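Here the structure comes first, spelled out in structure tokens, and everything after it is commentary.
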Amino acid sequence: MLGTIVNTACIVAGTLIGTLFKKGLGEKYTRTLFHAMGLASLALGANSFVANMPKSEFPVLFILSLAIGGLIGTALDLDGRVKRLLAKKGGDSFAKGLISACLLYCIGTFSIVGPVLSALQGDNTFLYTNSTLDFVTSTVFATTYGIGMILAAPILFCWQGSIWLAATLASSSPIFQGTLVNELAIVGGVLIISSGLSILDIKDCKTLNYIPALLVPILWFLVKGLF
């Protein structure tokens, strides 16, 4: 869990530093950083998709995941519920920022593979690398959206902690020996791209409605392991 604790601490530190810088920035520069985060989301999402797609043993699984997950999320109105809740705290812009930050921190190869390697091999290299990236990203997010971005830290901790715990309890399970991580990274890449489009005001795809898509590959591998 050491790697996850370090990663969480880096997000907290980056947010605090970014908040201090925010006070001296005008609207023009804040908007520039806002666009920078949108472009970064597109780039990171595309990289996650392109890097992991060739490794997929089930190329259509991400399509089924997005379709099934999207239907479930829409039925539950996940995007609307979360945005309405966050908008009460800090406005629509804050809601977009926090959602995008959480996706960037949590749905990436390092953030998914890192806890697994930490649990199975005691190797925190991926998590330390992710910590460095998240420190920079959280600083920029806080410069744009303010101290509220610190809420992403406990979300990341719970996310990575859950993966670490699951990997520890099921270290001998085939689910961690296959391409599950690749499939999650592919779906996650698409979600991050969707988040970037929203930040840039190109298209609001209601990204959170597709979050259940991340459960589909897990269920697929669990069912596959029974046969």
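The values are calculated or read from the model by the stated rules, or taken from the named source; none is laboratory data. Predicted model only: the values in this text are computed from it and were never measured. Every residue, glycine among them, receives a Cβ derived from its backbone with ideal geometry; neighbour counts consider all protein chains shown. The accessibility values were calculated without ligands, DNA or RNA, using every heavy atom of the protein model including side chains. Shrake-Rupley method; radii C 1.70, N 1.55, O 1.52, S 1.80 Å.
Couple of notes before you dig in:
- The residues packed around LEU39, meaning those with a beta-carbon under 15 Å from its beta-carbon, carry a net charge of +2 if Lys and Arg are +1 and Asp and Glu are -1.
- Shown is the FRET efficiency for ILE5 and LYS28, computed with R0 = 25 Å from the Cβ-Cβ distance and rounded to the nearest 0.05: 0.10.
- According to the Cα-based calculation, Rg over Rh for the range 35-75 is 1.10, with Rh computed by the Kirkwood formula.
- Cα convex hull of the chain, projected area averaged across orientations, nm²: 11.9 nm²
- Surface share of carbon and sulfur [accessible, 1.4 angstrom probe, percent] for the chain: 72 percent
- Crossing angle, helix 215-224 versus the chain [Cα axis fit, 0-90 degrees, rounded to tens]: 10 degrees
- Solvent exposure of the chain as accessible area per residue, Å², 1.4 Å probe: 49 Å²
- Across PHE49, PHE58, PHE94, mean-square fluctuation computed from a Gaussian network of the chain (C-alpha pairs under 10 Å connected) peaks at PHE58.
- Think of each Lys and Arg Cβ as +1 and each Asp and Glu Cβ as -1; about the Cα centre, that makes the dipole of the chain roughly 560 debye.
- Listed values for the range 57-62 are Karplus-derived 3J(HN,Hα) couplings in whole Hz (6.51 cos²θ - 1.76 cosθ + 1.60, θ = phi - 60°), namely 8, 9, x, 8, 5, 5, and x replaces Gly and Pro.
- Between 0 and 90°, nearest 10: helix 152-169 axis offset from the chain longest Cα axis: 10 degrees
- Averaging the sequence gap over all C-alpha pairs within less than 8 Å and six or more residues apart, then dividing by the number of residues, gives the chain a relative contact order of 43 percent.
- By accessible area with a 1.4 Å probe, ligands and nucleic acids excluded, highest first: order of LEU33, LEU103, LEU76: LEU76, LEU33, LEU103
- Gain in span if fully extended, CYS158 to LEU20, counting 0.36 nm per residue against the direct Cα distance: 47.0 nm
- Available extension along the chain between LYS203 and LEU219 is 2.8 nm, counting 0.36 nm per residue and deducting the alpha carbon span.
- Folded to 0 to 90 degrees: helix 125-145 orientation relative to the chain principal axis, Cα: 30 degrees
- Amide H to amide H distances under 5 Å link CYS205 with SER198, where only residues 5 or more positions off or on other chains count and H is placed in the peptide plane.
- Annotation: extensible slack from ALA67 through ALA46 equals 5.7 nm (criterion: 0.36 nm per residue apart, minus Cα-Cα distance).
- From helices alone, the chain scores -26500 deg cm²/dmol at 222 nm; the rule is -39500 (n - 2.57) for each run of n ≥ 4 DSSP H residues, then divide by the residue total.
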